[in-house]
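Colleague: There's a structure below that I have some questions on.
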Amino acid sequence: MLTFAILLPFAAATLLAFAPLSGGLSRAIAVATAALALLALVVVWAGFTPGAGFQAEMEIPWIPALGVAWRVGVDGISLPLALMSGLLFIAAIAWPMEREVNARQYYAWFLFLEGASLGLFLTLDLLLFYVFFDLSLVGMYFLIGRWGHGDAQRAALKFFLYTLAGSLLILLAIIALVLMTDPLTFDMRELIALQPVAGMDLRAGLILLGLVIGFAIKTPLFPVHTWLPPAHVDAPGPASAILAGVLLKMGTYGLVRIAMQMMRETFATYALAIAIVALISILWGSIVAFAQENLKRRIAYTSVNHMGYAVLGIAVAGSAVTGHEAARDLALTGAMVEMVAHGLITGALFLIAGAFWARTQDYELGHYGGLAGNAPRMMAAMGLASFASLGLPGLAGFVAEVQIFIGAFAIWPWLAALALLGLIVTAALFLGMLQRIFFGDRPPVLDGFADLSRTEIGILAALLALVVLIGVWPAWLLDMIGAGAALTFGGG
Amino acid sequence: MPVADLGPEIALIAGAIAALLLAMVLPQRRLGWCLTPALAALAVAALWAFAQAGAARLTFSGTWALDGVTFWARGMIVVATALCLTLAPRWFEADRRHGEFYTMTLFSALGAIAMAGATDLLQLVMAVLLSSVTGYVLAAWHRDWALSVEAGMKYFLIGALANALLVIGVILVMGMAGTSDYAALKGAEVSSPLALTGLALIVSGLAFKLGAVPGHAWMPDVAEGAPVPAAAFLTVVPKIGAALALYRLVHLFPETDMLRPLIAALSVLTMTLGNLAALWQKDVRRLIGWSSVSQSGYALMAVAVADLAPRALPSLIWFLAAYALANLTAFAVIAHLRGRTALADYAGLARTQPAMAAALIVAFLSLVGIPPLIGFVGKLGLFLVTIDGGYAWLALAAVLNTVASLFYYARVIAPMYFAAPPDARPATLGRASGAMAVLCAIALIGLGILSGPFLAQAFGGIVLP
């Protein structure tokens with residue numbers, strides 16, 4: 001079933017790439033494919049027992065000489081991320097294209113990217129993990145470069161170079177990690193059980209350093225986040241939504257799955273350093289976002305801030321091999337919820353930003369104002385998403401952040417107190433953004449500004465309904481994650 | 001003498017002679033028919049080599065090894081040569097005499113195979129010389145075109161120097177060790193300064209054939225100026241032979257402290273120089289030439305850890321196969337576009353020639369090492385063995401270089417895919433080159449995914465003595 005969910009988008013992408021179909025039909029095929037992939041994941045979810053380790057597993061040998069195989073399976077860490085990705089891909093694909101050129105190839109690349117993203121979260125083989133990690137770069141490169149605007153080629157290349165550098169460091173670290181096993185195996189389950197670098201000093205530290213730098217580029221954390229703003233600003237709205245909602249999660253997922261679970265001791269040794277980097281990202285992301293006059297750039301920098309919370313939660317969770325179980329458990333759950341919530345919320349925000357671009361080809365906040373009268377539905381959607389993003393109680397962001405902070409206060413109280421400052425700045429920057437767009441005097445050029453169309457509002461409603469649902473009734477998600485299991489024996 | 005041991009090589013000679021005889025009697029417009037005996041000879045050679053797959057013995061008084069290395073060298077070189085020759089009939093259609101091109105190419109391929117198979121220093125010299133003299137002719141085949149003549153001249157001048165150094169090196173080693181036989185040299189004490197100098201000179205002589213520092217300077221000129229089928233051949237085939245010959249040589253001296261660091265240093269220099277020089281090239285063929293230099297640097301990574309890591313040989317073999325296939329794909333696309341080289345000519349190719357653009361993109365991404373293409377499996381193996389062999393810094397240098405290389409490949413990919421096409425459709429060469437490009441691109445994907453069995457076979461390969 002998982003294999004089906006991964007390969008179906010690839011197959012459909014191949015079909016779209018070669019068959020001469022019309023734009024409308026391509027779109028229909030793409031939406032149907034994404035829906036089917038999500039359906040397959042929901043079926044897996046229906047049969048999922050929380051806290052019982054890896055499930056729905058499957059294994060087919062690929063390169064036996066190197067211990068590489070097609071291995072898939074899910075646990076409480078990967079299933080929520082895969083489900084969220086599946087949903088967000090439907091939203092991004094169904095969202096109207098900004099520029100109607102080469103629709104067939106556009107949808108083909110989106111499906112290709114979906115296959116790579118789902119594959120990354122669902123695979124249990126480290127080499128396949130890397131394969132999908134790289135494929136996601138290729139897909140996003142072509143989406144930004146071909147369908148972006150402004151200086152899109154430059155932004156796409158910068159994105160590709162930065163993240164390829166990160167991914168190759170990850171590859172070296174993965175190889176070094178795997179070389180500790182005999183016979184060679186890239187099986188994640190075995191590596192988690194073996195803890196191949198336990199008890200080693202410098203080499204284990206270097207391996208962790210490679211992993212952390214690689215994943216920090218992808219997440220992104222300060223100071224290697226600089227590829228993110230241009231990539232977001234010049235990408236088409238739906239591609240931004242996927243970039244922020246799904247691709248950034250690959251970094252944090254890798255940190256949990258590889259760095260934290262496979263190198264538990266080493267991770268605990270350096271957890272404080274990682275937490276400090278996360279803290280800097282939280283503060284830096286929020287302050288820099290506050291200073292941005294460009295709508296999309298502002299949202300982009302809040303991603304740095306939010307992913308900082310997630311990494312802080314992960315660092316807290318991995319800060320010790322034993323002890324503080326309750327706090328670490330809470331922090332990991334919080335980090336996982338943050339990833340899901342950030343995917344939904346920021347995905348929605350970037351789709352809305354895309355709607356702005358489609359109407360005015362302008363992201364300058366100063367050029368907007370007084371749109372509340374013209375576009376009440378847009379205001380409602382953007383308002384809800386912004387409030388969720390700044391962590392208003394009753395919405396998904398709050399559930400995540402409160403758990404991360406409770407966990408962090410138990411381990412490093414001073415660090416958590418500093419990180420709280422980020423929340424205040426974030427609140428100010430979102431409120432200021434809403435105010436400048438929707439209130440005040442409306443410039444005359446915006447008189448004809450159209451409200452969200454029915455397709456757009458339907459997609460946003462689905463995403464935001466989930467944000468509210470997680471906010472008021474998070475139990476189902478927390479159950480699925482079952483973080484305690486992930487801390488102790490790897491599966492969740 | 002067990003003549004059958006050299007069956008594949010004899011088949012190549014027979015095919016070369018048959019092509020030559022045929023070229024003498026055919027009228028100019030039929031000269032392309034010489035391809036038939038050449039391909040037939042290559043097919044016989046391939047089958048014969050396959051029949052000897054399991055052999056592991058020295059033959060012809062210990063001057064020739066029948067082992068895993070020779071088997072893979074024969075296989076890769078025969079296939080690569082066949083692919084290059086397929087491009088030739090249409091490319092040389094207007095050439096007054098090109099029947100000899102097939103003969104010359106087969107002899108050159110023979111020289112490359114002989115490099116990989118040689119287990120005697122004198123035999124190695126003969127092989128390098130055979131591969132070189134034929135190579136000069138192939139590079140300068142368009143004798144009315146200044147760039148081609150320049151390429152041939154440069155290849156010849158550098159080659160003459162490198163081959164002289166090689167011969168001096170061989171003499172020094174022979175003189176100090178008292179033998180040229182690999183079996184006798186194996187594990188011999190090589191510590192005297194003269195012998196070490198000799199060894200270094202041999203390495204630099206082979207670096208010329210490999211296109212590595214210090215003998216790399218001919219590579220971009222040949223890629224740019226030689227006829228495209230010859231450029232494809234010269235950037236790929238001698239490199240396969242030289243890399244495997246170098247592996248054999250390093251394998252002989254497990255105790256010599258100097259040899260591996262020397263190779264590792266050459267490796268870093270080569271890949272960095274090649275990549276830096278390729279960064280701002282405005283000519284796609286020159287760019288591929290410099291990228292070929294950097295790829296030689298990657299190949300040297302596996303040579304540096306010969307015997308230090310148990311998987312060094314299969315990694316080297318599979319990397320060479322991946323490189324050869326990707327480079328041939330790129331040259332097939334260029335041949336199909338009638339040798340257009342200016343970067344600007346490639347703008348909008350994805351819309352005027354979607355299949356060619358896709359093939360070139362796949363080839364470049366394979367050279368970068370993007371999964372699941374075969375280039376990824378090749379590079380994965382290199383990283384794996386260098387870390388395993390204790391040269392992790394070399395792997396890190398290769399990573400940095402790979403990122404840099406993406407930059408210049410993207411300089412070709414981006415305008416192809418993102419820019420608007422010019423008004424005129426580009427002229428193409430005909431069906432053979434187009435089909436070959438597409439088939440090679442499919443093979444880059446297919447062999448990447450199906451690497452398992454091939455790697456398993458390469459793992460079984462032994463190296464003699």
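Since every read-out is calculated from the coordinates, none of them should be taken as a lab result. Bear in mind the structure is a predicted one, so any value in this text is a computation, not a measurement. Cβ: placed from backbone, ideal geometry, glycine included. Neighbour counts: every protein chain shown.
Colleague: Please give me, ordered by residue number, the chymotrypsin sites (Phe, Trp or Tyr not before Pro) of segment B:79-149 that lie in loop per DSSP and have at most 16 other Cβ atoms within 10 Å.
Modeller: Details: sites: B:W91, B:F92, B:F101, B:Y102, B:F107, B:Y136, B:W141, B:W145; in loops: B:F92, B:W141, B:W145.
Taking segment B:79-149 and a limit of 16 other Cβ atoms within 10 Å, the loop chymotrypsin sites (Phe, Trp or Tyr not before Pro) found are B:W145.
Colleague: Treat every Asp and Glu Cβ in segment B:332-465 as -1 and every Lys and Arg Cβ as +1, leave all other atoms uncharged, and give the resulting dipole magnitude about the Cα centre to the nearest 20 debye.
Modeller: Numbers: 7 positive and 3 negative charges, 71 e Å.
About 340 debye.
Colleague: Please state the relative contact order of chain A as a whole percent: Cα pairs under 8 Å, 6+ residues apart? Let's see the in-between values first.
Modeller: Numbers: 926 pairs, mean separation 85.7, N = 492.
Once divided by the residue count of chain A, the mean separation gives 17 percent.
Colleague: When the helices in chain A are scored as -39500 (n - 2.57) per DSSP H run of 4 or longer and the sum is shared across all residues, what 222 nm value do you end up with, to the nearest 500 deg cm²/dmol?
Modeller: Details: 20 runs with 347 residues, N = 492.
After summing the helix terms and dividing by the residues of chain A, the value is -23500 deg cm²/dmol.
Colleague: Additional query: Any idea what log10 I(q)/I(0) is at q = 0.23 Å⁻¹ for segment B:299-417, Debye with uniform C-alpha scatterers and no solvent?
Modeller: -1.19
Colleague: What distance in nm separates the simple spin-label points at B:K186 and A:L431, each placed 7 Å from Cα in the Cβ direction?
Modeller: Once both label points are built, they end up 8.1 nm from each other.
Colleague: Within 10 Å of each Cβ in A:164-176, how many Cβ atoms from other chains are there, averaged over the peptide? Spell out each step's value before the answer.
Modeller: Details: counts 9, 6, 1, 4, 13, 4, 0, 10, 9, 1, 3, 10, 6.
Partner-chain Cβ atoms within 10 Å, mean over residues of A:164-176: 6.
Colleague: Now, a different point. In whole Å, what are the extents of segment A:437-487 along the principal axes defined by its C-alpha atoms, from largest to smallest?
Modeller: For segment A:437-487, the Cα spread along each principal axis is 58, 24, 18 Å.
Colleague: Within segment B:75-104, what residues put their amide N at less than 20 Å from the label point 7 Å along the Cα-to-Cβ vector of B:V25?
Modeller: Hits in segment B:75-104 for B:V25 at 20 Å: B:97-104.
Colleague: Over the Cα atoms of segment B:76-178, how large are the radius of gyration and the largest Cα-Cα distance (Dmax), in Å?
Modeller: According to the Cα coordinates of segment B:76-178, Rg and Dmax are 15.8, 53 Å.
Colleague: DSSP loop (so not H, G, I, E, B), at most 13 other Cβ within 10 Å: list which trypsin sites (Lys or Arg not before Pro) in segment B:83-162 pass both filters. Please report the intermediate quantities before stating the final value.
Modeller: On the way: sites: B:R90, B:R96, B:R97, B:R143, B:K154; in loops: B:R96, B:R97, B:R143.
Listed in order of number, the matching sites are B:R96, B:R97, B:R143.
Colleague: Let me know the Kirkwood hydrodynamic radius for segment A:56-212, please, with Cα pairs as the basis and the value in Å to one decimal. Working shown, then result.
Modeller: On the way: mean 1/r = 0.0576 Å⁻¹.
One over the average 1/r among Cα pairs gives 17.4 Å for segment A:56-212.
Colleague: How much FRET efficiency would the formula 1/(1 + (r/R0)^6) give for A:A465 and B:A456, where r is the Cβ-Cβ distance and R0 is 35 Å, rounded to 0.05?
Modeller: Approximately 0.10, to the nearest 0.05.
Colleague: What list of ³J(HN,Hα) couplings, whole Hz, do you get for segment A:441-449 from phi and the Karplus terms 6.51, -1.76, 1.60, once you set θ to phi - 60° and write x for glycine and proline?
Modeller: Result, rounded to whole Hz: 7, 8, x, x, 5, 8, 4, x, 5.
Colleague: Helix-only mean residue ellipticity at 222 nm, chain B, DSSP H runs n ≥ 4 weighted -39,500 (n - 2.57), per residue, nearest 500. What is it?
Modeller: -25000 deg cm²/dmol
Colleague: List the GluC sites (Glu not before Pro) within segment A:74-124 that fall in a DSSP loop (any state other than H, G, I, E or B) and whose Cβ has at most 15 other Cβ atoms within 10 Å. Before the final figure, lay out each step's value.
Modeller: Details: sites: A:E98, A:E100, A:E114; in loops: A:E98, A:E100.
Answer in residue order: A:E100.
Colleague: Alpha carbon centre of segment B:133-156 versus segment A:309-356: separation in Å?
Modeller: 62 Å
Colleague: Nearest 0.05, what FRET efficiency do B:A424 and A:E57 give at R0 = 41 Å with Cβ-Cβ as r? Don't skip to the end; give the middle numbers.
Modeller: Details: r = 56 Å, r/R0 = 1.36.
With a Förster radius of 41 Å, E is 0.15.
Colleague: For segment B:189-249, take the convex hull of the Cα atoms, compute a quarter of its surface area, and give me that in nm², please.
Modeller: Numbers: hull surface 17.3 nm².
Computing the convex hull of the Cα atoms and averaging its projections yields 4.3 nm².
Colleague: Further question on the same structure: Which three extents, in angstrom, do the Cα atoms of segment A:91-145 have along their principal axes, listed largest first?
Modeller: Result for segment A:91-145: principal-axis Cα extents of 38, 21, 13 Å.
Colleague: A follow-up question, please. Please sort A:323-335, A:283-295 by packing, taking for each peptide the average over its residues of neighbouring beta carbons within 10 angstrom, highest first. Provide the component values of the computation, followed by the final result.
Modeller: Details: A:323-335: 21.9, A:283-295: 19.5.
The peptides rank, most packed first, as A:323-335, A:283-295.
Colleague: Take the alpha carbon atoms of segment A:223-312, find their radius of gyration, then divide it by 2.2 N^0.38 Å using N residues; give the quotient. Provide the component values of the computation, followed by the final result.
Modeller: Details: Rg = 14.1 Å, N = 90, 2.2 N^0.38 = 12.2 Å.
So the Cα radius of gyration is 1.16 times the expected 2.2 N^0.38 Å.
Colleague: How far is helix A:396-411 tilted, in degrees, relative to the longest principal axis of the Cα atoms in chain A, given as a value from 0 to 90 rounded to the nearest 10?
Modeller: 40 degrees
Colleague: Per q in 0.05, 0.08, 0.09 1/Å, what log10 I(q)/I(0) does a Debye calculation on the alpha-carbon atoms of the protein assembly as shown return?
Modeller: Reported log10 I(q)/I(0), two decimals: -0.32, -0.77, -0.94.
Colleague: Taking Cα atoms, how many degrees apart are the long axis of helix A:264-290 and the longest axis of chain A, rounded to 10 and kept between 0 and 90?
Modeller: The helix A:264-290 is inclined about 10 degrees to chain A.
Colleague: Also, I was wondering about something else. Collect residues whose amide H, placed 1.01 Å from N in the peptide plane, falls under 5 Å from the amide H of B:D120; neighbours closer than 5 in sequence don't count.
Modeller: Here B:Y182 satisfy the definition.
Colleague: Separate question: Once the mean 1/r over all distinct Cα pairs of segment A:297-431 is inverted, what Kirkwood radius in angstroms do you read off?
Modeller: On the way: mean 1/r = 0.0634 Å⁻¹.
It is 15.8 Å.
Colleague: If you don't mind, another one. When you count, for each residue, the other Cβ atoms within 10 Å and take the mean per peptide, how do B:419-427, B:76-84, A:305-313 rank with the highest first?
Modeller: A:305-313, B:76-84, B:419-427
Colleague: Give, in whole angstrom and from largest to smallest, the semi-axes √(5λ) of the equivalent ellipsoid of chain A, with λ running over the eigenvalues of the Cα gyration tensor.
Modeller: Numbers: eigenvalues 231, 140, 78 Å².
For chain A, the semi-axes come out at 34, 26, 20 Å.
Colleague: Let me ask another. For segment A:1-118, what mean projected area does the convex hull of the alpha carbons give, in nm²? List each step's numbers first, then the result.
Modeller: Values: hull surface 32.5 nm².
Value for segment A:1-118: 8.1 nm².
Colleague: Give the long-range amide H neighbours of A:L392: residues separated by 5 or more places, or on another chain, with amide H under 5 Å away, using H modelled in the peptide plane at 1.01 Å from N.
Modeller: It is A:F398, by chain and number.
Colleague: For q = 0.11 Å⁻¹, what log10 I(q)/I(0) does chain B give under the Debye formula with an equal point scatterer on each alpha carbon and no solvent?
Modeller: -0.80
Colleague: Please list, in order, the residues from segment B:1-18 whose amide nitrogen is less than 18 Å from a point placed 7 Å along the Cα→Cβ vector of B:R57.
Modeller: Once the point is set 7 Å along Cα→Cβ of B:R57, B:1-9 turn out to lie under 18 Å by backbone N, inside segment B:1-18.
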